[in-house]
Amino acid sequence: MAYKTITVIVTDDMGDAPALDAALAIAQREGAHLDVHCLGIDPARYDVMPVGATAMILESGAQEARERADHLVEWVRKAIPATLVRHAVQPVVVPQLGLDTMVSRLARYSDLFVATKPYGPGRSPLQVTVLEAALFGTGAAILIVPDAVHDYSVPFRRVVVAWNESDESFAVVRAAMPVLTAADHVDIVMVDPPSHTPERSDPGGSVSVMLSRQGVRTEVSILARTLPRVSEVLARFAGEHGADAIVMGAYGHSRFRESILGGATRDMLETTTVPLIMAH
């Protein structure tokens with residue numbers, strides 16, 4: 001089992017460079033097909049405009065978007081090694097209001113979507129929008145690449161699975177199965193598991209059995225919430241155990257709630273120093 005179709009959507013040649021580099025390395029390693037979509041965002045606002053100015057304003061915005069997409073295509077083609085035979089690079093022009101729909105359409109047939117960590121220096125709200133559109137519109141595994149250097153030419157050897165028995169955590173385990181089966185060791189980590197669920201007598205046992213039947217070597221760890229945030233507990237465990245990646249479900253709460261009150265997904269996207277594999 002492996003990822004055979006990998007997709008990257010680039011909007012910025014600086015901010016999206018880590019994602020492109022990671023996707024290139026994984027595509028070469030897996031012998032996968034790589035789709036790179038270079039987005040030019042039409043900035044024109046389709047609302048009330050001065051009489052006679054509509055055509056000029058709309059054409060100006062579309063031309064700017066086409067030039068941006070073409071610039072990104074040139075940048076991507078220079079980065080692709082000659083040895084990567086199976087790939088496609090396409091310019092895409094899309095109005096701002098249609099971005100979510102376009103991202104979902106471009107990435108929905110992918111096995112793996114690769115995106116740069118959306119928060120931090122040099123990042124823009126556009127990268128957050130692209131990532132969330134892929135999470136909510138594809139069902140694919142999403143690899144979030146942090147700024148820290150990592151060798152993506154080899155599989156992740158030790159992987160932490162953040163497990164809480166939710167639909168989101170189950171979805172990401174299925175989506176990340178190629179990552180888990182390739183790992184030498186998988187830690188199933190539960191932080192303060194609830195005491196009233198059907199699996200309360202054996203927390204993490206069922207998912208561990210499922211993975212073991214796929215040949216995955218697993219170990220379940222039950223952790224107390226000794227730090228203010230669940231994300232901090234997960235990050236500390238990953239650091240202490242030398243994990244190469246963290247697998248976790250995304251947005252168990254609504255995006256609006258997490259943007260206002262915070263949540264494990266938002267916290268991990270902001271602070272992670274190791275690659276994340278997410279799904280919703």
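The values are calculated or read from the model by the stated rules, or taken from the named source; none is laboratory data. All values derive from a computational prediction rather than experimental measurement. All Cβ positions, glycine included, derive from the backbone under ideal geometry; neighbour counts span all protein chains shown.
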State whether the residues of the range 168-183 include one that is within 19 Å of Thr218 (Cβ to Cβ), modelled with pLDDT of 95 or more and touching a Lys or Arg at 6+ places or on another chain (Cβ under 7 Å). yes
Taking only the range 10-31 into account, find how many residues are surrounded by fewer than 21 Cβ atoms within 10 Å (Cβ to Cβ), in contact with a Lys or Arg (Cβ under 9 Å, 6 or more places away or on another chain) and farther than 16 Å from Leu72 by Cα. 2
When you scan the range 123-234 for strands (runs of 3 or more DSSP E) that lie fully inside it, which ones turn up with 2 or more residues that are surrounded by fewer than 17 Cβ atoms within 10 Å (Cβ to Cβ)? 218-223
Which one of Val159, Val93, Val73 is within 18 Å of the chain's Cα centre (by Cα), modelled with pLDDT of 90 or more and among the aliphatic types (A, V, I, L, M)? Val159
For the range 218-243, pairs from a residue that is without any contact (Cβ under 8 Å) to a residue 24 or more places away in the chain and farther than 22 Å from His150 by Cα to a residue that is surrounded by fewer than 16 Cβ atoms within 10 Å (Cβ to Cβ) and of a type outside the set (A, V, I, L, M, F, W, C), with Cβ under 8 Å and 6 or more apart or across chains, are Leu227/Arg236
Can you give me the number of residues within the range 196-244 that are in contact with a helix residue (DSSP H, G or I) (Cβ under 9 Å, 6 or more places away or on another chain) and of a type in the set (Lys, Arg)? 3
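Yes/no matrix, rows are residues, columns are (1) outside the structural domain of Ala171 (by TED's automatic domain parsing); (2) modelled with pLDDT under 95; (3) touching an Asp or Glu at 6+ places or on another chain (Cβ under 9 Å):
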position	(1), (2), (3)
Ala243	no, no, yes
His253	yes, yes, no
Phe256	yes, yes, no
Ser259	yes, yes, no
Thr265	yes, yes, yes
Leu269	yes, yes, no
His280	yes, yes, yes
